[in-house]
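The values are calculated or read from the model by the stated rules, or taken from the named source; none is laboratory data. It should be emphasised that the depicted structure is a prediction, and the values quoted were computed from it without experimental measurement. Counting neighbours? That spans all protein chains shown, and the Cβs are built from the backbone with ideal geometry, glycine included. The protein model used for the area step is the full one, side chains on, heavy atoms only, and it has no ligands, DNA or RNA in it. Shrake-Rupley method; radii C 1.70, N 1.55, O 1.52, S 1.80 Å.
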Amino acid sequence: KQWYQRRVRGSDVGTDYASSTVTHAGVIATNTADTALVSGLISHSVPSPRFFAPGQHNPVSLHCPTPFSSLRFGTYHKYVSFSEPAVLRVFEQVLARLPGEVKDVPVADLYMSKLAHMNIILVETARCMNIWREQRETLTPQTKMVYSVCTRSSLRQYMQSSAQKTRAINIFKSIFDQVDVFITPTIARLPKEIDEGSLACGEFDELNVTVTMWFVYLANLCGLPAISINAGYSDEKGLPVGVQLMAPWWREDILYTAAAALETELKPPVRKYKP
């Protein structure tokens, strides 16, 4: 997820993004080098200079002046402890391979920021779903329920959520005065098996979504650049476990340096379980 691209609007690139304040346009690739390559290509395609930081011509730099061995890593152990044991085991193994001591950095207002993120998502989802108003009767009951919930948020609640978003941004400004990279698991639980009954129309499993997105929403809410890499597999079923790295705004170069070094340090994870 790249920081600057969240500001791109449909009028500039011919695409209408799902939401205007929390969506990040990112890339998915099999390794860090490919991700950096595609990100660089995307950054040069941004047509307007107002999307760039002052004095910065290319927001995605592939060169980080700080070597991996000198980067300061931090996490919030109380926050991470929400993860399933299988996820925690892999995460702790990754922490042990990081340079220096990993600083425990408390993140204030986690619950309030989670609510703010959820409310902003709901309001902007409702805006996007207005085009389906005439086809509402054709929607599944789960989708109708989502639409109904989305339309119940008030302007006051949206403004309160936006104020909390600003507070969360300021909290991470303070955090990045202490560390260069904030690391968490990618998701808090192992991937959930898809129910066969959900293959036709999908499913609405709010609990699973909440647990799965537990570590994702902070970067999404605050507009922080983030990258996720494969860190290993669970011992029980060989399901993939990832780690997420977050860096300060406009510092994708730190993410690429850290992620590439970790890929080399961890080496290609071996999947022990064969289905």
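Quick notes on this one:
- Long-range amide H partners of Val243 with built H, under 5 Å: Thr186, Ile229, Ala231
- When you work out D = kT/(6 pi eta Rh) for region 59-186 at 20 °C and 1.002 mPa s, using the Kirkwood radius from C-alpha pairs as Rh and the Stokes-Einstein form, the result is 120 µm²/s.
- Other residues whose C-beta falls under 13 angstrom from the C-beta of Gln160 contribute a net charge of +2, scoring Lys and Arg +1 and Asp and Glu -1.
- Sparse-neighbour loop sites [GluC sites (Glu not before Pro); region 95-167; at most 12 other C-beta within 10 Å; DSSP]: Glu101
- Of the cross-linked pairs Lys78/Lys173; Lys103/Lys173; Lys144/Lys192; Lys114/Lys173, those separated by over 22 Å at the C-alpha level are Lys144/Lys192.
- Rounded percent of accessible protein surface that carbon and sulfur make up, region 135-275, 1.4 Å probe: 56
- Based on the convex hull around the alpha carbon atoms, region 135-275 presents an average projected area of 11.8 nm².
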